[in-house]
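K.L.:
Got a structure for you, written out below as structure tokens; questions coming shortly.
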Amino acid sequence: MDYNKTMYNFMRDYHVKENLHAVTRGKVHLSFDRLDREVRRVAGGLWKLGVRQGDVVMSALPNLEQAVSLLYATTLIGAIFAPVHPLLSEREFVKEVKLQNPKVLAISDINFSRFAKHKEGAKLVYCPYMLHAFFGLPLAKHFEEYKGDGNIPALHMHSGGTSGVPKTVVLSHYGANALVDNLLTSIPYDFDKKDSMLVTLPMFHGFGLIVGVHASLSTDMTAVLIPRFSGKIALDAIRKNGVTTVIAIPRMLTKFLETKGFEGPDVSTLANVFVGGDILTKKLALDFNERMERAGATAVAQQGYGLTEIGSVCVLSPKDGEVGSIGRTINNVVPLIIDDNDNILPDGEKGELVLESNQTMLGYIGSDEEAFVTIDGVKYLRTGDIFSKEGNDLTFYGRKKRLIKISGMNVFPSEIERVARELDFVGTCAAFEKIVNGKTQIKLVIEGTLTEKQREEVRKYIGKNLSHWHIPGIVTTVDKMPYTAIGKIDYVKLQNID
């Protein structure tokens, strides 16, 4: 495949387009021909507003069909599409505008009153939630299509931010296109016009944009957009559109299982459910798989792993793999495990996962953090995550930055969380380091309420199943766990909870 095309031309050329519907949201249906006309019309409007190669078009839109058209129109002319969370605080939004200096800003009725006044020098394009329109975008046909090297910036995407230092990742056309081909050629399933993708994850999320939209449309699937997730809304979309494929985070699977009617013929069309963004517990995966079997669906919850710096997904468990397994790298992603001195570790030993791939980011905006390491002349991306591997099969242990050292021993918070969740009365939980009177302790926060007896049982159970260094000195509870914008537990906020 030629990855040096713009994202739009790669999508159009990757697979024969026979589907009547390319993008669907509620009663709005865009065929591929109509999408093509709209992308070119929007590209002409952006060109008229002065957008050129390298300029930024910032989108603060939910999952609307207008956002899909803006994505492809922006990148078609060599400009950079920069999606941000549509519900950012005003302070966060102002920071983004100053950082990225957009030429055009797309907003909707859900944030117009808060964001429009902070546009700085950007031209506003207003895309209403309930009306398919681009107010403020001139009607113009002329634009110059970018036809150069695909290794120019195409996307500005936010990394997770759970470390407390959020970054903006720069992804190229080449990298986004390579990811699509790497992923699709790794999955033994023929995606075509019979399929539809439920795009539940937001387009400011790499998984939602590159896999949910770009990969699905590249294969001639229908992208079924969900601007605001709820179990009921998603169930209605699955039923009405005969959805076959879903990408989700674990919390969404929990919501599905809690939704009345998520069973039987209404969900029997589901054939693929890919889960990433956070740890999928074995219990949740088994519960979901059992529901699918009862419904007559062939889908199982397939755990994946990825990070924005490599476009999104780079590891996927096979459909017939062990429940709860993180899986193996997809095509053209080479893993190594290294120690703190950047030495390669043998199979079975724990260390930092580093990756070499053609889908890797170009770098960060406004940050000189060293994200790469060169080993034997090859440039690898640091993930900051602790893994071990056997061949290309990977086991995840936790974030390197969340690694706790007690008396020289490595303690992995994710292992504490995993063991705690084995108790019937423990659900969502988070473990991290807490300094008390100058000494390191482990603090375990559990969502819900616990008796003192149950807290002590948690400590004893962890001590029985892990080393005594893993026993939390503090076990506390919160009514509701705080989450980041992309649905991961916000460990930074947890640090400030007593």
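The values are calculated or read from the model by the stated rules, or taken from the named source; none is laboratory data. These numbers were taken from a predicted model, which means no experiment stands behind them. Note: ideal-geometry Cβ built from the backbone for every residue, glycine included; neighbour counts use all protein chains shown.
K.L.:
Quickly run through region 179-233 and pick out the residues that are more than 17 Å from residue 313 (Cβ to Cβ) and within 18 Å of the chain's Cα centre (by Cα).
P.N.:
224, 225, 226, 227, 228, 229, 230
K.L.:
Looking for whichever is farther than 17 Å from residue 315 by Cβ, surrounded by fewer than 18 Cβ atoms within 10 Å (Cβ to Cβ) and over 22 Å from the mean Cα position of the chain (by Cα) here; the options are 365, 416, 375. Which one fits?
P.N.:
Exactly one of 365, 416, 375 is farther than 17 Å from residue 315 by Cβ, surrounded by fewer than 18 Cβ atoms within 10 Å (Cβ to Cβ) and over 22 Å from the mean Cα position of the chain (by Cα), namely 375.
K.L.:
Just to verify a result, which residue in region 105-149, among those that are surrounded by 12 or more Cβ atoms within 10 Å (Cβ to Cβ) and among the aromatic types (Phe, Trp, Tyr), is farthest from residue 56 (Cα to Cα)?
P.N.:
Among residues in region 105-149 that are surrounded by 12 or more Cβ atoms within 10 Å (Cβ to Cβ) and among the aromatic types (Phe, Trp, Tyr), the one farthest from residue 56 (Cα to Cα) is 129.
Okay, residues lined up against (1) closer than 23 Å to residue 22 by Cα; (2) modelled with pLDDT of 95 or more:
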position: 44; (1), (2): yes, yes
position: 48; (1), (2): no, yes
position: 61; (1), (2): yes, yes
position: 68; (1), (2): yes, yes
position: 76; (1), (2): yes, yes
position: 91; (1), (2): no, no
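K.L.:
Being of a type outside the set (Ser, Thr, Tyr) and touching a residue at least 60 places away in the same chain (Cβ under 8 Å): is that true of residue 250 here?
P.N.:
Against the criterion (of a type outside the set (Ser, Thr, Tyr) and touching a residue at least 60 places away in the same chain (Cβ under 8 Å)), residue 250 does not qualify.
K.L.:
Which count do you get for residues in region 445-468 that are touching a Gly at 6+ places or on another chain (Cβ under 9 Å) and closer than 23 Å to residue 250 by Cα?
P.N.:
Here the count works out to 3.
K.L.:
Based on what the data block shows, is residue 297 touching a residue at least 40 places away in the same chain (Cβ under 8 Å) and among the aliphatic types (A, V, I, L, M)?
P.N.:
Considered against the rule, which asks whether it is touching a residue at least 40 places away in the same chain (Cβ under 8 Å) and among the aliphatic types (A, V, I, L, M), residue 297 comes out as no.
K.L.:
Quick check on residue 348: is it within 23 Å of residue 411 (Cβ to Cβ), of a type in the set (Gly, Ala, Ser) and in contact (Cβ under 8 Å) with a residue 12 or more places away in the chain?
P.N.:
Yes.
K.L.:
While we're on this one: Which count do you get for residues in region 367-384 that are within 22 Å of residue 278 (Cα to Cα) and either touching a residue at least 40 places away in the same chain (Cβ under 8 Å) or part of a loop (DSSP other than H, G, I, E, B) (or both)?
P.N.:
Adding up the residues that qualify gives 4.
K.L.:
Identify, from the list 71, 88, the residue that is in a helix (DSSP H, G or I), in the same structural domain as residue 139 (by TED's automatic domain parsing) and touching a residue at least 24 places away in the same chain (Cβ under 8 Å).
P.N.:
Exactly one residue qualifies, and that residue is 71.
K.L.:
A follow-up question, please. May I ask you to list the residues in region 43-70 that are surrounded by 24 or more Cβ atoms within 10 Å (Cβ to Cβ), under 17 Å from residue 122 (Cβ atoms) and not small (Gly, Ala, Ser)?
P.N.:
46, 51, 57, 58, 61, 66, 70
K.L.:
Ok, one more. Inside region 419-440, can you point out the residues that are buried (at least 16 other Cβ atoms within 10 Å of the Cβ) and within 19 Å of residue 496 (Cα to Cα)?
P.N.:
428, 429, 430, 431, 432, 433, 434
K.L.:
When the residues of region 40-67 are filtered to those that are in a loop (DSSP other than H, G, I, E, B) and without any contact (Cβ under 8 Å) to a residue 60 or more places away in the chain, which remaining residue is farthest from residue 6 (Cα to Cα)?
P.N.:
Restricting to residues being in a loop (DSSP other than H, G, I, E, B) and without any contact (Cβ under 8 Å) to a residue 60 or more places away in the chain, the top hit is 60.
K.L.:
Take region 435-449 and flag every residue that is among the acidic types (Asp, Glu) and farther than 19 Å from residue 415 by Cβ.
P.N.:
Those that are among the acidic types (Asp, Glu) and farther than 19 Å from residue 415 by Cβ: none in region 435-449.
K.L.:
The conditions are (1) crowded, with 17+ Cβ neighbours inside 10 Å; (2) modelled with pLDDT of 95 or more; (3) under 30 Å from residue 419 (Cβ atoms); (4) among the aliphatic types (A, V, I, L, M), and residue 307 fails exactly one of them. Which is it?
P.N.:
Evaluating residue 307 over (1) crowded, with 17+ Cβ neighbours inside 10 Å; (2) modelled with pLDDT of 95 or more; (3) under 30 Å from residue 419 (Cβ atoms); (4) among the aliphatic types (A, V, I, L, M) leaves (2) as the failure.
K.L.:
Specify the residue that is nearest to residue 74 (Cα to Cα); the eligible residues are those in region 190-203 that are surrounded by 24 or more Cβ atoms within 10 Å (Cβ to Cβ) and among the hydrophobic types (A, V, I, L, M, F, W, C).
P.N.:
203
K.L.:
Further, regarding this structure: Please verify whether region 216-233 includes one or more residues that are basic (Lys, Arg) and either part of a strand (DSSP E or B) or at pLDDT 95 or above (or both).
P.N.:
Taking every residue of region 216-233 in turn, at least one turns out to be basic (Lys, Arg) and either part of a strand (DSSP E or B) or at pLDDT 95 or above (or both).
K.L.:
If I go through region 457-491 residue by residue, how many of them are of a type in the set (A, V, I, L, M) and either surrounded by fewer than 16 Cβ atoms within 10 Å (Cβ to Cβ) or farther than 20 Å from residue 87 by Cα (or both)?
P.N.:
Matching residues across region 457-491 total 7.
K.L.:
Something else about it: Hey, among the residues in region 1-37 that are in contact with a Leu (Cβ under 6 Å, 6 or more places away or on another chain) and part of a strand (DSSP E or B), which one's farthest from residue 175 (Cα to Cα)?
P.N.:
25
K.L.:
While we're looking at this one, here's another question. Does residue 306 qualify as being of a type in the set (Gly, Ala, Ser), touching a Cys at 6+ places or on another chain (Cβ under 8 Å) and touching a residue at least 12 places away in the same chain (Cβ under 8 Å)?
P.N.:
yes
K.L.:
Considering only residues that are touching a helix residue (DSSP H, G or I) at 6+ places or on another chain (Cβ under 9 Å) and polar (S, T, N, Q), which ones fall in region 411-450?
P.N.:
Hits for region 411-450 are 414, 428.
K.L.:
Give me a count of the residues in region 84-126 that are hydrophobic (A, V, I, L, M, F, W, C) and under 13 Å from residue 49 (Cβ atoms).
P.N.:
Going through region 84-126 one residue at a time, the tally reaches 6.
K.L.:
Can I ask one more? What is the residue count in region 339-366 for residues that are assigned to a strand (DSSP E or B) and either touching a Pro at 6+ places or on another chain (Cβ under 7 Å) or assigned by TED's automatic domain parsing to the domain that holds residue 173 (or both)?
P.N.:
Adding up the residues that qualify gives 2.
K.L.:
Can you tell me which of (1) modelled with pLDDT of 95 or more; (2) out of contact with any helix residue (DSSP H, G or I) (no Cβ under 7 Å at 6 or more places or on another chain); (3) buried (at least 17 other Cβ atoms within 10 Å of the Cβ) is the one residue 291 doesn't meet?
P.N.:
Just one mismatch for residue 291, condition (2).
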